């Protein structure tokens, strides 16, 4: 009995120590700037720059719920424990960030700590924003304070149940995975590639989706280190953000011009952005300057294959086009393709340029992880709207097809026209069905009568 | 003893829950497709209809015929160059493999013919009706009545209705024939709609879009490669209902087409723009509507 009491007491003391330590972390690990610069938030040139940086950082995509007001928050993000909601970052003083000083703003964006010293969830990509230059953060502050329309909309609480919902342990995550860091240009890269690296690692925060995450949900690499993990591909909310490295399953089949065209317009002749990437293009990359896009493409092309992966994509020879044009529908996959898919994606798997993506040689189709292919087929997907094309096309969701039908047709596509990839099972489809069914609800306050004119 | 008992219980519970997880996953499947009503000749509901699945063709006795028919309906222009005089296929207008209500489906086709056609003022059988399409919509030549091709196309249509008894039909509309006449067509507005919502696929000049083999991905809406003036689609009262529910496609998440529903005014305006464009003549037009006045939206 004595031993048990002793253990309980020790456990309690240990817990209190950890609790107190975690509570203290933000104060000394990520303190507020001591001598913040005076930012002239009314300077039009600064505001214009800030608008550009805010677009590069794609603040609007996460901080706006579908159908909601810009930057008013409410977008739900699924975590393994429940949904969390993005916050209101309009300059509304009561529900937004209207009362933030520049030092508060800088600390939240680059260090992930709120003015009340609460650690932000790493869904906010402050580990990436950390390397942004002072002048960029200052410009963004001017933009948010002066040019964003204030919206009074209270933040939505997460659906993560207690005790997992307690925020103080997040400080320990910061201590482990969000160490202060500055951008390090690589002397072996050109100035253009280093500029691209600066954008990709920093404000554009490509790694937030495209870099695999570790046991602590941390990005396994924040820049191109020897592990080859940076931008090596990762699954988030049932979407596979593909490898962006210059490797067979990555961007090896993409020219730099393809990458630029894709980021600028959301599509190329053979593929199109869908899922979260469509939002990235629509809200963010379509507005990038040509030098910024070209720098990013140059940098991505310079990323060596992850150790152990094939450097180049080797398609097999295409027997599928002839098979389908000759009417050889000898398998369920082939005949389902003929009835459900061929009208748009065609017998040759080439789709229609800039309208319907090709399946032949499309790197999402032969990606090592088929999640995106499964989800876009089951739930559908939309291309981004940009000023470059009159129409944004969409793929309908084939949710109504059975797991077996979807597995058969996707395996047919994944191994057709020279593509080759791992097998998709009906159980994989069932798993995705659960993800699709449990997609987070977004929080948009009901429209009030006053909103109608 | 006690420990042994507990581990056995744990082991059984563990395997049972693992088995249950796998079992429940394998039953986590698509919900049943909503059924359409089957009605008898008196209009009474007598059953349910769900379009047969693609994979089911393979287990049909006449699978080869059905598949050939499906191919001909999908790739009419490529497979029957002697009979198709333009770039169209049957399924350019008959959407989603003829399975879509309001998209000119084939679901009731086999049972609905022979049928009185106002245009010819006569009862036509299905073979004559299909050949009407070849001569008008596909601006070509009729297929021989007893050809393997004519037989195969009808075999596909019969497969869609394989579970219907004689006299029964599925309670659907082939087209949403709304009262086009109550709208004033505005072809100028129609041209704007065309530029914004149609031209990306059908071309700014209605020329359509071809694939690497020269086959049409998107059919031409006017010009020599399009349907002739004898086609239903050349008439506003036929085109607008089609456009309303089936065009543009690939713009929403809704299966099967990614379709949206246009407003009736939009459908009328855009149809008023493209139907009257130049297109091939139909020499046999003189035999249409014999003894009755041509309808106001006829091109002749």
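The values are calculated or read from the model by the stated rules, or taken from the named source; none is laboratory data. These numbers were taken from a predicted model, which means no experiment stands behind them. Glycine gets a Cβ as well: all are built from the backbone with ideal geometry, and neighbour counts include every protein chain shown.
Annotations
- Hey, residue A:155 in a loop (DSSP other than H, G, I, E, B) and either surrounded by 13 or more Cβ atoms within 10 Å (Cβ to Cβ) or touching a residue at least 24 places away in the same chain (Cβ under 8 Å) (or both) or not: yes
- Conditions (1) within 8 Å of chain B (Cβ to nearest Cβ); (2) part of a helix (DSSP H, G or I); number of the one not met by residue A:329: (2)
- Filter result for residue A:37 (out of contact with any strand residue (DSSP E or B) (no Cβ under 6 Å at 6 or more places or on another chain), farther than 23 Å from residue A:160 by Cβ and either assigned to a loop (DSSP other than H, G, I, E, B) or in the same structural domain as residue A:213 (by TED's automatic domain parsing) (or both)): yes
- Condition broken by residue B:250, with the remaining ones in (1) in contact with a helix residue (DSSP H, G or I) (Cβ under 7 Å, 6 or more places away or on another chain); (2) in a loop (DSSP other than H, G, I, E, B); (3) touching a residue at least 60 places away in the same chain (Cβ under 8 Å); (4) under 20 Å from residue B:219 (Cα atoms) satisfied: (3)
- Residue count for the range A:338-359, restricted to those that are farther than 15 Å from residue A:267 by Cβ and either in contact with a helix residue (DSSP H, G or I) (Cβ under 8 Å, 6 or more places away or on another chain) or outside any loop (DSSP other than H, G, I, E, B) (or both): 9
- Filter result for residue A:367 (more than 14 Å from chain B (Cβ to nearest Cβ) and either at pLDDT 95 or above or surrounded by fewer than 23 Cβ atoms within 10 Å (Cβ to Cβ) (or both)): yes
Okay, residues lined up against (1) at pLDDT 95 or above; (2) in a helix (DSSP H, G or I); (3) over 21 Å from the mean Cα position of the chain (by Cα):
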| position | (1), (2), (3) |
| --- | --- |
| A:121 | no, no, no |
| A:128 | yes, yes, no |
| A:131 | yes, no, no |
| A:139 | yes, yes, yes |
| A:142 | yes, yes, yes |
| A:145 | yes, yes, yes |
| A:148 | yes, no, yes |
| A:151 | yes, no, yes |
| A:164 | no, no, yes |
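- Residues of the range A:402-439 that turn out to be at the interface with chain B (Cβ under 8 Å from one of its Cβ atoms), closer than 21 Å to residue A:358 by Cβ and not in a helix (DSSP H, G or I), as a count: 0
- Qualifying position, being at pLDDT 95 or above, assigned to a loop (DSSP other than H, G, I, E, B), touching a helix residue (DSSP H, G or I) at 6+ places or on another chain (Cβ under 9 Å) and on the phi > 0 side of the Ramachandran plot, among B:223, B:230, B:206: B:206
- Looking across the range A:203-226, the residues that are farther than 21 Å from residue A:77 by Cα and surrounded by 14 or more Cβ atoms within 10 Å (Cβ to Cβ) come down to A:221, A:222, A:223, A:224.
- Test set (1) closer than 30 Å to residue B:60 by Cβ; (2) away from chain B (no Cβ under 11 Å); (3) assigned to a loop (DSSP other than H, G, I, E, B) - residue A:323 fails condition number: (3)
- Condition check for residue A:381: outside the structural domain of residue A:281 (by TED's automatic domain parsing) and surrounded by 22 or more Cβ atoms within 10 Å (Cβ to Cβ): yes
- Restricting attention to the range B:54-84, the residues being out of contact with any helix residue (DSSP H, G or I) (no Cβ under 7 Å at 6 or more places or on another chain) and either surrounded by 17 or more Cβ atoms within 10 Å (Cβ to Cβ) or not in a loop (DSSP other than H, G, I, E, B) (or both) number 6.
- Scanning the range B:164-177 for any residue that is within 14 Å of chain A (Cβ to nearest Cβ) and surrounded by fewer than 16 Cβ atoms within 10 Å (Cβ to Cβ) turns up nothing.
- Selected residue [within 30 Å of residue A:382 (Cβ to Cβ) and either surrounded by fewer than 22 Cβ atoms within 10 Å (Cβ to Cβ) or out of contact with any helix residue (DSSP H, G or I) (no Cβ under 7 Å at 6 or more places or on another chain) (or both)] from A:103, A:45, A:108, A:65: A:65
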